[in-house]
């Protein structure tokens, strides 16, 4: 699907405000992941912020569904909340989501993922970096193949950074590039993207500063 080095380079900027979204588009981002509280690695954003971005930004967006910081093991109340959030965002025109859920033993919680995907249908989603907390990346990604609503995997290859995980990222792209868009993540910035795009087989890269700093100059 995206293991062609001649494919168009996709720069996905992770943003947590309308101003950051506008700035990322101006600086050349091809796509946005919208969250809030990036200092907590991104939580579900406020619906009014997403609505404003949809109306005033022209590049594609996806929305993070994550009810709290910390681990990715969710109870029934949290799962219901995520289902409700997906429905709310669908109602304002969101077309893609970012999801993830693990069991207490750090395997993918396929029951909860199935519930979230049932709400996302007939749209699409990305399984986020919760995947990097699992012990067997290849088999865990394979277990996601049955969910047609999951079209992308966001990963640093099980390491802290994309550079450290480049070999595993390449293995993932070789094995699953025909099924998933593999999006490389982990300390990717406008400063190191040129190096990483020549080391990692995918053409999709994600980061808070992938098109430069989005912080306000004020």
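Each reported figure results from applying straightforward, stated rules to the coordinates on display, with no laboratory input. The structure displayed is predicted, hence computed values, not measured ones. For neighbour counting, all protein chains shown are included, and Cβ atoms are generated from backbone atoms with ideal geometry for every residue, glycine included.
Across the chain, the relative contact order, built from alpha-carbon pairs under 8 Å that are at least six residues apart, equals 22 percent.
Radius of gyration over Kirkwood radius for the range 27-137, both on Cα atoms: the Rg/Rh ratio is 0.96. Taking a point 7 angstrom from the Cα of residue 111 along the C-beta vector, which residues in the range 71-89 have backbone N less than 15 Å away? Of the residues in the range 71-89, 73-80 have backbone N under 15 Å from the label point off residue 111.
So between residue 191 and residue 216, what do we pick up on full extension, going 0.36 nm a residue minus the alpha carbon distance? Working it through step by step, the gained length comes to 7.1 nm. Listed from fewest to most Cβ neighbours within 10 Å, the set 176, 205 follows the order 176, 205.
Note that the chain carries a Kirkwood radius of 17.2 Å, evaluated over its alpha carbons pair by pair.
Tell me, in nm to one decimal, what length is gained between residue 46 and residue 136 on full extension, where the rule is 0.36 nm per residue of separation less the Cα-Cα distance?
Values: separation 90, 0.36 × 90 = 32.40 nm, distance 3.37 nm.
Taking residue 46 through residue 136 to full extension adds about 29.0 nm, to one decimal.
Would you mind estimating how fast the range 92-140 diffuses translationally, via Stokes-Einstein at 20 °C and 1.002 mPa s with the Kirkwood radius over Cα pairs, in µm²/s? Show your work: numbers first, answer last.
Numbers: Rh = 11.5 Å.
Rounded to a whole number, D works out at 186 µm²/s.
Projected label points at residue 88 and residue 146, each 7 Å from Cα along the beta carbon direction, are separated by 3.1 nanometres. Counting every other Cβ atom within 10 Å of each residue's Cβ, 181, 128 order from fewest to most as 181, 128.
Given 0.36 nm per residue, what is the gain on full extension from residue 167 to residue 58 after removing their alpha carbon distance, in nm? Intermediate values should be presented prior to the final figure.
Numbers: separation 109, 0.36 × 109 = 39.24 nm, distance 3.42 nm.
Here the answer is 35.8 nm.
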